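Each remark here refers to the structure printed beneath this line.
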Amino acid sequence: MKQKTAKYISVILFPYNLAIVTTFMVLRLMLPLQDSIYWTLFAFFFLVLIPSCYVIVQIMRKKITNMSVEVRSQRKQVYTVGMFSLMAACGLFYAIEAPKVLLSSFVFLLLLCVLAFAVNFVVHKTSAHMMGIGLTFSFLLQGYPTIAYFALGFAVLVAWSRYYLHKHTLPEIISGFAMSVGTGLIFSFYYLV
């Protein structure tokens, strides 16, 4: 029972899922509903579609083991694709004059991706699940404090699930969460206050 619960938590609170929900909610703080949906669809292309298609293709080629990219050496490729996708998004969003909050959030995501890449290959693997829930917490803290604190509660569940499933050690869980919360709080206090 615990094994199934831990797997469900990991799937439901997968970083891609959190990224899209969080993007929409942050945009909704500043934009009408229709505009928030429109720009979230743009974000979906860069945050989810490009990286997940890359991972799926690499899984089919047997170069990556699974969607969570649990093998540390396989993460280098995924981080590189993610960084290029975020850079392309930043360039496009700047060129088409996307809402400032969207461009800014992508710049901060790119900075976090660079930091996570460095930590993953210099120190140890970090938990992308914990980075996702940490960003959700910190990005929503200013505009949706009640939801943000629920996200903080979910962070405990995510940490438990990643540890219980033997996907990460405590330092990997803590470092993923700490990096994302730090980056997200800087973003939220600078752009959302």
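In the set 100, 125, 167, 76, which member is closer than 17 Å to residue 25 by Cβ and of a type in the set (Lys, Arg)?
100
Considering (1) outside any helix (DSSP H, G or I); (2) touching a Gly at 6+ places or on another chain (Cβ under 6 Å), say which one residue 29 fails and leave the rest.
Result: residue 29 fails condition (1) only.
Test residue 82 against the stated conditions and say whether it is open to solvent by less than 30 Å² (accessible area, probe 1.4 Å), under 17 Å from residue 52 (Cα atoms) and modelled with pLDDT of 90 or more.
yes
In this structure, does residue 69 turn out to be in a helix (DSSP H, G or I), out of contact with any strand residue (DSSP E or B) (no Cβ under 6 Å at 6 or more places or on another chain) and closer than 30 Å to residue 153 by Cβ? Show your work before the answer.
Details: in a helix (DSSP H, G or I): no; out of contact with any strand residue (DSSP E or B) (no Cβ under 6 Å at 6 or more places or on another chain): yes; closer than 30 Å to residue 153 by Cβ: yes.
Answer is no for this residue.
Quick one: in segment 8-23, of everything that is buried (at least 18 other Cβ atoms within 10 Å of the Cβ) and in a helix (DSSP H, G or I), which residue is farthest from the chain's Cα centre (by Cα)?
Across segment 8-23, the extreme among qualifying residues is 9.
Here is a list of conditions, (1) touching a helix residue (DSSP H, G or I) at 6+ places or on another chain (Cβ under 9 Å); (2) under 24 Å from residue 124 (Cβ atoms); (3) not hydrophobic (A, V, I, L, M, F, W, C), and residue 94 meets all of them except one; can you say which number that is?
Tallying (1) touching a helix residue (DSSP H, G or I) at 6+ places or on another chain (Cβ under 9 Å); (2) under 24 Å from residue 124 (Cβ atoms); (3) not hydrophobic (A, V, I, L, M, F, W, C), residue 94 fails exactly one: (2).
Would you confirm, using the coordinates I've provided, whether residue 41 is in a helix (DSSP H, G or I), among the hydrophobic types (A, V, I, L, M, F, W, C), open to solvent by 80 Å² or more (accessible area, probe 1.4 Å) and closer than 25 Å to residue 147 by Cβ?
Considered against the rule, which asks whether it is in a helix (DSSP H, G or I), among the hydrophobic types (A, V, I, L, M, F, W, C), open to solvent by 80 Å² or more (accessible area, probe 1.4 Å) and closer than 25 Å to residue 147 by Cβ, residue 41 comes out as yes.
Anything in segment 19-50 that is at pLDDT below 95 and over 30 Å from residue 80 (Cβ atoms)? List them, or say none.
If the condition is that a residue be at pLDDT below 95 and over 30 Å from residue 80 (Cβ atoms), then 28, 29, 30, 31 are the ones that fit.
Output the residue which, of all residues in segment 59-79 that are over 19 Å from the mean Cα position of the chain (by Cα) and either more than 25 Å from residue 9 (Cβ to Cβ) or at pLDDT 95 or above (or both), is most open to solvent (accessible area, probe 1.4 Å).
62
The values are calculated or read from the model by the stated rules, or taken from the named source; none is laboratory data. Only a predicted model underlies this, so the values are computations on that prediction, with no experimental measurement involved. All Cβ positions, even for glycine, are placed from backbone atoms using ideal geometry, and neighbour counts span all protein chains on display. Side chains included, ligands, DNA and RNA excluded: accessible areas come from the protein's heavy atoms. Shrake-Rupley method; radii C 1.70, N 1.55, O 1.52, S 1.80 Å.
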